[in-house]
Structures are given as C-alpha cells and as structure tokens.
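S.K.: Structure provided below as structure tokens; questions to follow.
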Amino acid sequence: MRKLTIKRKSALASIFDKTWFYIEDEQHGNKSIECVRCRLFCELKNGKSFTGEIEEGRLRLFAVSGDFKGIDSEHGYAWDVCVIEAGTEDVTVSGKRKMNPAQANCFEFDK
C-alpha cells in the first residue's frame, strides 16, 4: 500500500461546492464513470486536502464536479481523470475548479 494525497487549491469557481474524488476499484467499486468501476475516495471543499491509502497498481482517479450531489446529480456532472502509474512511492496530485458554468465549473488536475 502507498499513500495518495489530493490537494484542492483555492479558487473562486464553486467556492462553496465540494469536489468528489473516485478511485478505480474493480472489486469494491459501487459507481461507474466512463464504464470504470469506482468507489468514493474523498470529498473536498475549496482549499482542503486529503491523504488515504491506495493499491500499488496502476489506477485512475476521477474528480467529479456538479451540483450538490455530484455523480448522483439528476442534472449531470463533469469530471477530469488523472492516471496514477504503478509503484510503491507515495503520490500527490493537485488541481482546482475552473470557472465554466456550462461544464459545472469542473475540477482540472494540474498536469
């Protein structure tokens, strides 16, 4: 196991909304994003961070933006994906919500 730290940078776009982060999990995933089974890893408010344990294999991390229900929204949602390569070292990713109401002020990972 290794640690994954997600940092949501402060931004004026969706300052009061949460961003939901889903990690690829074929065995225990209870949601589907783009036909990938995922489980909720964490939800972050503006300027917050979270650290949790992940497997050592290659994984996809999805950042989901939308209204106050995220992936369960009846109005749809926007997402960005970050690929975490296989390894044993701890990983840190960051990003922020971008101002674009047509795309639910979607979160974008730093590249």
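S.K.: Restricting the stretch 1-18 to residues that are among the small types (Gly, Ala, Ser) and either in contact with a Phe, Trp or Tyr (Cβ under 7 Å, 6 or more places away or on another chain) or within 18 Å of Val93 (Cβ to Cβ) (or both), which is surrounded by the fewest Cβ atoms within 10 Å (Cβ to Cβ)?
M.R.: Selected residue: Ser10.
S.K.: While we're on this one: Among the residues of the stretch 73-92, count how many are charged (D, E, K, R), surrounded by fewer than 16 Cβ atoms within 10 Å (Cβ to Cβ) and modelled with pLDDT of 60 or more.
M.R.: Residues in the stretch 73-92 being charged (D, E, K, R), surrounded by fewer than 16 Cβ atoms within 10 Å (Cβ to Cβ) and modelled with pLDDT of 60 or more: 3 in total.
S.K.: Tally the residues that are over 9 Å from Ser65 (Cβ atoms) and crowded, with 17+ Cβ neighbours inside 10 Å, restricting the search to the stretch 19-28.
M.R.: 5
S.K.: Collect the residues in the stretch 41-58 that are assigned to a strand (DSSP E or B) and more than 12 Å from the chain's Cα centre (by Cα), keeping them in residue-number order.
M.R.: Thr51, Gly52, Glu53, Ile54
S.K.: Within the stretch 35-50, how many residues turn out to be loosely packed, with under 13 Cβ neighbours inside 10 Å and in contact (Cβ under 8 Å) with a residue 12 or more places away in the chain?
M.R.: 1
The values are calculated or read from the model by the stated rules, or taken from the named source; none is laboratory data. It should be emphasised that the depicted structure is a prediction, and the values quoted were computed from it without experimental measurement. Neighbour counts are summed over all protein chains in view; Cβ atoms, including those assigned to glycine, are modelled from backbone coordinates with ideal geometry.
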